[in-house]
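Presented below is the structure to which this report refers.
The values are calculated or read from the model by the stated rules, or taken from the named source; none is laboratory data. Keep in mind it's a predicted model, so treat the numbers as computed, not measured. Here the Cβ positions follow ideal geometry from the backbone for every residue, glycine too, while neighbour counts run over all protein chains shown. Keep in mind that these areas ignore ligands, DNA and RNA; they rest on the heavy atoms of the full protein, side chains included. Shrake-Rupley method; radii C 1.70, N 1.55, O 1.52, S 1.80 Å.
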Amino acid sequence: MNTQDYIALEAKYGATNYKPLDVVLTRGQGVWVWDVEGNRYMDCLSAYSAVNQGHCHPRIVQVMQEQAARLTLTSRAFRNDQLGLFYQELCELTHSHTALPMNSGAEAVESCIKAVRKWGYKVKGVPDGQAEIIVCENNFHGRTVTIVGFSTEPQYRDGYAPFTPGFKIIPFGDAQALADAITPNTVAFMVEPIQGEAGVIVPPAGYLRDVRRICTARDIALVTDEIQTGLGRTGKLLAEEHDGVEADLTMIGKALSGGFYPVSAVLSNKEVLGVFQPGDHGSTFGGNPLACAVARMALHVLVEEGMIENAAVQGDYLMAELRKLRSPFIKEVRGKGLLVGVELHPEAGGARRFCEALMARGVLCKETHEHVIRIAPPLVIARDELDWMLEQFAAVLGG
Ligand SMILES: *Cc1c(COP(=O)(O)O)cnc(C)c1O
C-alpha cells in the first residue's frame, strides 16, 4: 500500500474531524519520523508536545514492554504495585502534596472542575449550585461538552449546545480583569501559562505572579493547565516556574507518558483534592499499572537526560536565529523554550502553505490558527539538527 491508498481508506471509513497533512508515518526515532514511502522528516510538532522525550525512547519502550507482559490493568477496585511509586516520584518532582491520575488531558481538566467546585461548596462555603470558575479568552482546555462550552472559538462550540453553566470569561494576560471578575461565588481561575493552541501567546512578564497574589488574597484556587506547557517544553519542568509561582492545582498530560499512552494527572495541595471521598470520582483506566510504569520512566528520562535544560538552551538559540531571518512574511517570533510560534503577516496568505512547503523539505509543522506556525520539536533535538531545521525555514520563508 502507498500513501494514497492509506489516505483513501481514512477518507472512506473515518470520521472527518481532522484535516492532516498528507504524509502517512510508519516509524519514529528521536526527532525523526519516516513515511510509508521511506522519506524522513523532522517532527516539529511532537504530537502537540506529547512526545517531548523523542519518538520511541528506548528506555520507555523497554519499560512498556516489560510492564505490558506483567500486568496492565487492575482498575482501582484493587491496588497495583506501580501506582504508589508513581505518586511518590511525581509529587516529589513537582513539589505537590497529592496527585490524581487520569488518562486524557480533557479528563484531567474535568477532574479539576469537579474538585474546585466541590472545594468551593465544602470548604469555602459557596451556596450549592452557585460556583463560578473564571477562564480566559482564547483558552484551550480540551474537547468535552463542558470544556468547549467555555471556549471562545466558535468552531469548537458550534452545534454542541446546551453547555454547562458556571464559567466566566476574561481577557488573557490581564491580572486586573481577574481581580474585577471575582465574586463571593468564585471558586477558581483556570489558565494556561502560555496559550499554545491560541497561537503560542506569551502573557506579560509577571502575569502569573500577579494572578497568584490575587487568587490567594481572594481565596480562590489557581488552576494552571500545563498539559502542553509542562514537562520541560518551555525550558522549566513546569512553565509556572518562570514566574516563581505554584498553583493550587496543576494539570499535566501529553508528555507525561512520552507519547506512548494517554496518561494525565491533577497535581494539588492537599486541601483541594482532599475534598474527594471514595466513590466521588473515578476512571477505569486512571492509575493503571501500565500507565504508571510508562509515566515513571517518561519522567525519569526527562530529568536524567537533561531534556529540560536542552529545551531552554536550544529554544533560546532557535528564537534568536529565527529573528535573524530577513523574511517578508514574518511578523513576530515568540515563545519560551521549545514552544515557539512564528506569526506571519496576513498578506502571507496563511500558514498552511508554508507548512506544506516545509513538508516537501522534510520538516513537519502544523499551522495553529490561520497565521501562526508552531515549532515544538522533541526536547532531545541537537544543535546540528536545529541548524538543519533553520536552513529549511530560511529556504521557505526567505531570509
Ligand atoms: C492538549 C491539551 C488539552 C487536552 O488534552 P487531550 O489529551 O487532548 O484531552 C488540554 N489543555 C491543553 C493546554 C492542551 O494543550
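Quick grid of which residues meet (1) away from the ligand (no atom under 16 Å from the Cβ); (2) over 13 Å from the mean Cα position of the chain (by Cα):
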position	(1), (2)
Ala179	yes, yes
Phe189	no, yes
Ile214	yes, yes
Asp219	yes, yes
Asp225	no, no
Gly232	no, no
Met251	no, no
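Scan (1) more than 30 Å from Thr74 (Cα to Cα); (2) open to solvent by 60 Å² or more (accessible area, probe 1.4 Å); (3) within 16 Å of the ligand (Cβ to nearest atom) for the single condition Gly335 breaks and write down its number.
Here Gly335 clears every test but (2).
Given the criterion surrounded by 12 or more Cβ atoms within 10 Å (Cβ to Cβ), in contact with a Phe, Trp or Tyr (Cβ under 9 Å, 6 or more places away or on another chain) and hydroxyl-bearing (Ser, Thr, Tyr), identify the matching residue among Ser75, Ser46, Ser96.
None of the other options fit; the residue is Ser75.
Could you grab me the full set of residues in region 343-399 that are open to solvent by less than 30 Å² (accessible area, probe 1.4 Å), small (Gly, Ala, Ser) and not in a helix (DSSP H, G or I)?
Gly350, Ala351, Gly362, Ala376, Gly398
Each row is one residue, and each column tells you yes or no for (1) assigned by TED's automatic domain parsing to the domain that holds Lys270; (2) β-branched (Val, Ile, Thr); (3) over 25 Å from Ala291 (Cα atoms); (4) buried (at least 24 other Cβ atoms within 10 Å of the Cβ).
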| site | (1), (2), (3), (4) |
| --- | --- |
| Ile214 | yes, yes, yes, no |
| Ile227 | yes, yes, no, yes |
| Gly232 | yes, no, no, yes |
| Gly244 | yes, no, yes, no |
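With (1) within 16 Å of the ligand (Cβ to nearest atom); (2) in contact with a Phe, Trp or Tyr (Cβ under 9 Å, 6 or more places away or on another chain); (3) outside the structural domain of Thr186 (by TED's automatic domain parsing); (4) of a type in the set (A, V, I, L, M) as the list, and Val135 as the residue in question, which single condition is left unmet?
Failed condition: (3).
Identify all residues within region 59-107 that are within 16 Å of the ligand (Cβ to nearest atom) and either among the hydrophobic types (A, V, I, L, M, F, W, C) or not assigned by TED's automatic domain parsing to the domain that holds Asp248 (or both); write none if there are none.
Leu100, Met102, Ala106
Checking Ser151 against (1) of a type in the set (S, T, N, Q); (2) open to solvent by less than 70 Å² (accessible area, probe 1.4 Å); (3) more than 25 Å from Glu370 (Cβ to Cβ): exactly one of these is not met. Which one?
(3)
Output the number of the condition that Gln82 fails; it satisfies all remaining conditions of (1) in contact with a helix residue (DSSP H, G or I) (Cβ under 7 Å, 6 or more places away or on another chain); (2) closer than 19 Å to Gly142 by Cβ.
(2)
In region 289-296, is there at least one residue being touching a residue at least 40 places away in the same chain (Cβ under 8 Å), surrounded by fewer than 24 Cβ atoms within 10 Å (Cβ to Cβ) and either assigned by TED's automatic domain parsing to the domain that holds Gln53 or within 13 Å of the ligand (Cβ to nearest atom) (or both)?
Scanning region 289-296 turns up no residue that is touching a residue at least 40 places away in the same chain (Cβ under 8 Å), surrounded by fewer than 24 Cβ atoms within 10 Å (Cβ to Cβ) and either assigned by TED's automatic domain parsing to the domain that holds Gln53 or within 13 Å of the ligand (Cβ to nearest atom) (or both).
Please give the number of the condition Gly142 fails out of (1) out of contact with any strand residue (DSSP E or B) (no Cβ under 6 Å at 6 or more places or on another chain); (2) over 30 Å from His300 (Cβ atoms).
(2)
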